[in-house]
Amino acid sequence: MDGNSSMSANVKMFRQAKTLRLHTGNIVNRNRLKKKCPCSPGEELQDCIQATLSDWFSQTKLTTEDFHDTLDCSIPEATDAITPEEREELKVSAKLFLCESDESSIKEAVKMACQTLAVSQLDSVIVAPPGPPEGDTQTLSHLQPAWEELEALVQSQQIAAIGTSDLDKDLLEQLYNWAQVKPSSNQVNLASCCVMPPDLTAFAKEFDIQLLTHNDPKELISAAVFQQALQEGSQELSVADWRLEWVLRYSIIVKSRGIIKSKGYLVSAKKASP
């Protein structure tokens, strides 16, 4: 099959697919990204989506037998599979950004991460659920459905420890008191508070919750920017129907040295029904 016909098969598959699953591979090794340091996590993700799609279109040769509802967009050479021999030496951490209030996405994202990295369990997962509706404040009832899904994954041994993001002391305490599986960590965005709030620090210390810092924006990537990345990566195909479901960012750290061996994104999007 020549280049043009395989490209047109890729285009047809992209147009027909109802679900898009994208894996950026190890971006630590991506020369393209090394030349240009994105200044925010959102820009990094946008760059990764565009580059992975572009590589997939140019490198993957599809035939009509490959057509499915789900388009698996990854570059085989770029995968991050962990061998059983090295598993003990590595810590696999993930942060899951939910773009929609669909808790079944959590199980799906964790399963995809385990399959992609060839592990049976993720060492830790921090969840960032979608924000409350405009004008509302986040409450325990907003967090509970996602947390119950995470607890089930701890009980089935697919995750070892679970954590939260951007909870103040009161909400963290409410979650801690209610939850069966207690949060092991809480991420705090230092852009919104330069110093850890003393009440949060005291509570976390008392209940052995690790406080971590992060610089992720409230919305990791907007719908418009996501569609722009898809459009640029897919040679300007129509992408208006695609909407982002979730993004899972993972890091594989060498425990003894504390260095990042690998980092990447898994992305899931759905095409809206006509």
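The values are calculated or read from the model by the stated rules, or taken from the named source; none is laboratory data. Small disclaimer: the values here were computed from a predicted structure and weren't measured. As a convention, Cβ positions derive from the backbone with ideal geometry for all residues, glycine included, and neighbour counts pool all protein chains shown. In case anyone asks, the SASA skips ligands and DNA or RNA and just uses the protein heavy atoms, side chains included. Shrake-Rupley method; radii C 1.70, N 1.55, O 1.52, S 1.80 Å.
Report note on the peptides 110-120, 198-208: ranked by the mean count of other C-beta atoms within 10 Å, highest first, their order is 110-120, 198-208.
Gain on full extension, evaluated as 0.36 nm per residue between D69 and N29 minus their Cα-Cα distance, stands at 11.3 nm. Segment D102..R257, full-extension length gain: 52.1 nm, with 0.36 nm per residue of separation and the alpha-carbon distance subtracted. To the nearest 10 degrees, how steeply does helix 140-155 sit against the main Cα axis of the chain, on a 0 to 90 scale? Helix 140-155 and the main axis of the chain meet at about 80 degrees. Between the stretch 130-198 and the stretch 202-274, the alpha-carbon centres lie 17 Å apart. Within the accessible area of the chain, the carbon and sulfur atoms contribute 49%, probe 1.4 Å, all protein chains present. A 32 angstrom limit on the alpha carbon distance is what I want to check against. Which of K182/K263; K18/K263; K218/K271; K111/K271; K91/K218; K18/K169 exceed it? With Cα atoms farther than 32 Å apart: K18/K169.
The residues of the stretch 173-246 have, on average, 57 Å² of accessible surface per residue, using a 1.4 Å probe with all protein chains present. Beta bridges per DSSP, both residues in the chain: antiparallel share near 55 percent. Per-residue ellipticity at 222 nm from helix content only, as computed over the chain with -39500 (n - 2.57) for each DSSP H run of at least four residues, stands at -11500 deg cm²/dmol. Angle of helix 104-117 to the longest C-alpha principal axis of the chain, folded into 0 to 90 degrees and rounded to 10: 70°.
Rounded to the nearest whole Hz, the Karplus-based 3J(HN,Hα) values (6.51 cos²θ - 1.76 cosθ + 1.60, θ = phi - 60°) of the stretch 222-232 follow the sequence 6, 4, 5, 5, 4, 5, 5, 5, 4, 5, 5, with x at glycine and proline. Taken along the Cα-to-beta-carbon direction at a fixed 7 Å, the label points for Q144 and T201 span 3.3 nm.
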